[in-house]
1. In this structure, does Y143 turn out to be loosely packed, with under 15 Cβ neighbours inside 10 Å, among the aromatic types (F, W, Y) and modelled with pLDDT under 95?
2. Please list, ordered by first then second residue, the pairs with beta carbon atoms under 6 Å, 6 or more apart or interchain, first in segment 87-112 and of a type in the set (F, W, Y), second in a strand (DSSP E or B) and modelled with pLDDT of 95 or more.
3. For segment 166-190, which residues satisfy the criterion of being buried (at least 16 other Cβ atoms within 10 Å of the Cβ) and at pLDDT 90 or above?
4. Among the listed residues R74, R80, R114, identify the single one that is at positive phi and at pLDDT 95 or above.
5. When the residues of segment 191-234 are narrowed to those that are within 23 Å of T118 (Cβ to Cβ) and of a type in the set (S, T, Y), which ends up modelled with the highest pLDDT?
6. For segment 88-102, does any single residue satisfy the condition of being within 22 Å of A201 (Cβ to Cβ), of a type in the set (K, R), touching a Pro at 6+ places or on another chain (Cβ under 9 Å) and modelled with pLDDT of 95 or more?
7. Suppose we filter R105, R74, R79 for residues that are of a type in the set (K, R), over 22 Å from A52 (Cβ atoms) and either buried (at least 23 other Cβ atoms within 10 Å of the Cβ) or out of contact with any strand residue (DSSP E or B) (no Cβ under 8 Å at 6 or more places or on another chain) (or both); which single one remains?
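The values are calculated or read from the model by the stated rules, or taken from the named source; none is laboratory data. Just so you know, these numbers come straight off a predicted model, no measurement behind them. Glycine also receives a Cβ, built like all others from the backbone with ideal geometry; neighbour counts cover every protein chain displayed.
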Amino acid sequence: MASLRASIVCPGPPLRVVAVGLAALVAGCSYSPNHYTTPRTLDPGTFQGGIAIDAIAAADPNVRHIPTSTLHGRVGIVRRVDLGLTLNVPFSASLSAKTLIFTSRLVDVASFARFNVTWWWVPRIDYARLLHPVFRCPTEERYCVGEWLALGDLTALVGFNLARDVTLVVSPGVFLRATDPYHLGYRAGVGVQWRVSDDIAIYPELTYMPDISPLNSRAVFYGVAVQGRGHDGYAKTRSSAKRPPDPVR
């Protein structure tokens, strides 16, 4: 997976996207397993969105590392449940559901279920390292067309509220590669959300996923997100007179 994931290229110019009212030029076409969310859920009928830049540290130190742009949004459905959509421009999409199981001032716990579909593109220069029958590389083509990859993962989100505006999130879980060759594996991640204002949060995150591809390799995915907070269940630090600190729902 590491060689394949880190070698992905996107033909054509970068794409212009808009996230949370901010326009930027972003490029990339790869899968990111990062969550960029805490265990607490959004209030019903409210929305939260953001943009992230992801990269990878592959098991093979000789492969290229191309950053990935990630757009993500969540919407509150009912009390303690919200749904999310993630797009890695332009060849990957994920749907997710988060359920808040336990909440307190110090620790929150939620379940996070997600399904992802990704289309891999592999450049010819790296094809010699990908000796597997699922890949095809016609001699007249500049790019080797790889495969559809479908993944499902189930994760526990455990949030430790270290300060009024800082939450450390640990995310152990399992994933299923739902396309041939099928594979059940584990994943582990850690991230920190820093709520820098009433409206904006910054969220660096790191995820380790072994054996995600037919190459049976390993990779560490890392990135940082800038996201709108919305009604995220945490106190608004600039309006403490209007809202009680750290509401427990």
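1. When the stated conditions are applied, Y143 does not pass them.
2. F102/V109; F112/K98; F112/T155; F112/L157
3. Hits for segment 166-190 are T167, V169, S171, G173, F175, R187, G189.
4. Answer to the check: R80.
5. The residue in question is Y203.
6. yes
7. R79 is the lone residue from the list that is of a type in the set (K, R), over 22 Å from A52 (Cβ atoms) and either buried (at least 23 other Cβ atoms within 10 Å of the Cβ) or out of contact with any strand residue (DSSP E or B) (no Cβ under 8 Å at 6 or more places or on another chain) (or both).
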